[in-house]
Amino acid sequence: MFSFRKLSLVAAIAVSALLLVAFVAACGSSGGTDGETPSVASTATSVADFGDMDALIAAAKEEGTLNVIALPPDWANYKEMLSTFESKYGIKINSAQPDGSSQDEINAATQLAGTDRAPDVFDVGGSVALANLTVFAPYKSAMWDKIPDNLKDPDGLWTSNYTGYMSIGYNADKVPAPTTMNDLLKSAYKGTVALNGNPTQASAGFNGVVMATIANGGTGDDLAPGVDFFSKLNKAGNLLPVDPTPATIASGQTPIVIDWDYNNVAQTAALEGKVDWKVVVPANEVVAAYYNEAINKDAPHPAAARLWNEFVYSAEGQNIWLRGAARPVLIDMMTTDGTIDTAALEALPVAEGTPVVLTQAQLETGQAYLLANWTQAVQ
C-alpha cells in the first residue's frame, strides 16, 4: 500500500499547456545496441507494424519474458494485473524493485542498458516522465486515439494510465468520522493524523499538502495555505511523526492516514473484520494526479513491452485498475460504451467537485516552495 516507489513527485498531466513543452524533439528510438539492425518489434510504433494483434502476441510469446519494475502488488491492483497478463499470454514476468520510485525505474534502465535485465516498461509520475523522454520509445496502443489529448504525449512517448484522488482514511473504531481536511485540526484528532510520506519527496505527501491548500481557499499556484495547515496540525499535536504502513494501521498507531484513495480502499479490504477502516474524499477538496505508461526504447523484450501496453489500455486491463480503486484513463469512455466494471465503479469512494490537477509549472513551483518551507513549518 504505502510503497516507496512513489518517492518521485507526480506531475499532473491534465492541461494542454503541458503538452506544448518542447520535449518532443527527444522522440527518437534506438532499437538495439550499437551496430545491430533494429528489429521490427523494437521500432514498432503501433500494432500495425506487426501486421495485426495476433502477430504481436506471437512475437511477444516468442520472447517469453517481460521485465517490469516498481509495481507493488498491493498498489492499484497490480497483483491482478501482473498475474492476468502472465496467464493470458503465457509470458513470464520478472518484477524488480516493487518498492522502488519512479526515478529508480529510469536509473535501472540506464544502469542495465544492453542487458536482458533492463526494464521493458515503466509506470512513472509526470515529472519523471517529462524529464526522461529520451529513454522512451514512441508507441500508440489501439486505444490511443480514445485517450484525451491532454493525457498523452503527441508522439506516443508516454500515455497517462490511471489516477487516484487524495483521501482521508480513518479507523472508525477510534476516531469520529472527518468530512473535511480542516476537521483534522479539532482536539478529537490529537495524536492521530499521519501523512503518507514527506511531501518534499513523496507524491502522496505532496498532494496531501495540495488538498490542504484547496481546503483553505488556495490554489495550485501557491501551496502556502497547505503548509500553514500542516504547521497548525503539528502545533495542535494532531500530526504524527510516523510514516504510515499497513502495520501501523492494523496496530492502531496511525488512526488517520492522508493518502491516495486506492491505497486507503485497499486497507479497508485487507483489514475487513479486524479494523473498521473507512475512506472519505472531502467534498470540493478533490486532488488528482496521473501516473503514466511508457516503453523503454532499449527494452530487451520489445514485443512483450508493446503487448503489455496494449493490455493495460484494453477494457480488461483498465477494469483491473478500477477494481483496485484506481480511476483508469478510459473510465469515461468505458462508462459510455458499457465496457466498464459497474460494480467496481460503484464501489469507488464518493468524490464531489471538480478534481484539481496541477500543471507542470505549478508542480515545479510547489516543489521549490516545499523544499524551502516544509521542514521549518512542521518542526
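None of the figures in this text is laboratory data; all of them are computed from the coordinates on show. No experiment lies behind these values; they were computed from the predicted model shown. Here the Cβ is made from the backbone with ideal geometry for all residues, glycine too, and neighbour counts use every protein chain on show.
Restricting the calculation to Cα atoms, every distinct pair contributes to the Kirkwood radius of the stretch 36-132, found to be 14.7 Å.
For the stretch 235-370, relative contact order (Cα pairs under 8 Å, six or more residues apart, normalised by length) works out to 27 percent.
For the stretch 248-379, the Cβ-based charge dipole about the Cα centre amounts to some 300 debye (Lys, Arg positive; Asp, Glu negative; other atoms uncharged). Residue order for I214, I320, I57, fewest other beta carbons within 10 angstrom first, comes to I57, I214, I320. Be a star and scan the stretch 199-233 for residues whose amide nitrogen sits under 14 Å from the point 7 Å along the Cα-to-Cβ vector of A177. Label zone hits: none. Kirkwood Rh over alpha-carbon pairs of the stretch 129-216, then Stokes-Einstein at 37 °C and 0.692 mPa s: what D in µm² s⁻¹, rounded to an integer? Reported coefficient: 202 µm²/s.
When each of S231, S141, S127, S167 is scored by the number of other beta-carbon atoms lying within 10 Å, the sequence from fewest to most is S231, S127, S141, S167.
Taken over the Cα atoms of the stretch 256-379, the convex hull encloses 192 Å³ per residue. For the pair D49 and L185, label points projected 7 Å from Cα toward Cβ lie 5.4 nm apart. Its Cα centre serving as origin, the stretch 147-220 has a Cβ charge dipole (Lys and Arg +1, Asp and Glu -1) of approximately 400 debye. I'd like the antiparallel share, as a percent to the nearest 5, of DSSP beta bridges with both residues in the chain. Antiparallel bridges make up about 70 percent of those DSSP assigns within the chain. Each label was represented as a point 7 Å from its Cα along the Cα-to-Cβ direction; for E62 and A224 these points are 6.2 nm apart.
Of the GluC sites (Glu not before Pro) found in the stretch 326-379, those that fall in a DSSP loop while having at most 13 other beta-carbon atoms within 10 Å are E352.
Rounded to whole Å, the principal axis extents of the Cα atoms in the chain read 66, 43, 38, largest first. Relative contact order for the chain: 27 percent, from Cα pairs under 8 Å spaced at least 6 residues apart, divided by residue count. For the chain, find the longest principal axis of its Cα atoms and tell me its angle to the long axis of helix 261-270, 0 to 90°, nearest 10. Taking Cα atoms only, the helix is inclined about 80 degrees.
Stretching T375 away from N107 to a fully extended chain increases their span by 93.7 nm, per 0.36 nm per residue minus the current alpha-carbon distance.
What distance in nm separates the simple spin-label points at N150 and T134, each placed 7 Å from Cα in the Cβ direction? About 3.0 nm separates the two model spin labels.
Put simply, when 175-181, 271-277, 301-307 are sorted by average Cβ atoms within 10 angstrom per residue, most first, you get 301-307, 175-181, 271-277. A347 label point, 7 Å along Cα→Cβ, cut-off 17 Å on backbone N: hits in the stretch 286-320? Counting only backbone N, you get 316-320. Overall, the chain carries a charge dipole of about 1080 debye about its Cα centre when +1 sits on the Cβ of Lys and Arg and -1 on the Cβ of Asp and Glu, all other atoms neutral. Can you bin the stretch 123-168 into rounded, prolate or oblate? Criterion: square roots of the alpha carbon gyration tensor eigenvalues sorted a ≥ b ≥ c, rounded for a/c under 1.5, prolate for a/b above b/c, oblate for the rest. Cα axes put the stretch 123-168 in the oblate bin.
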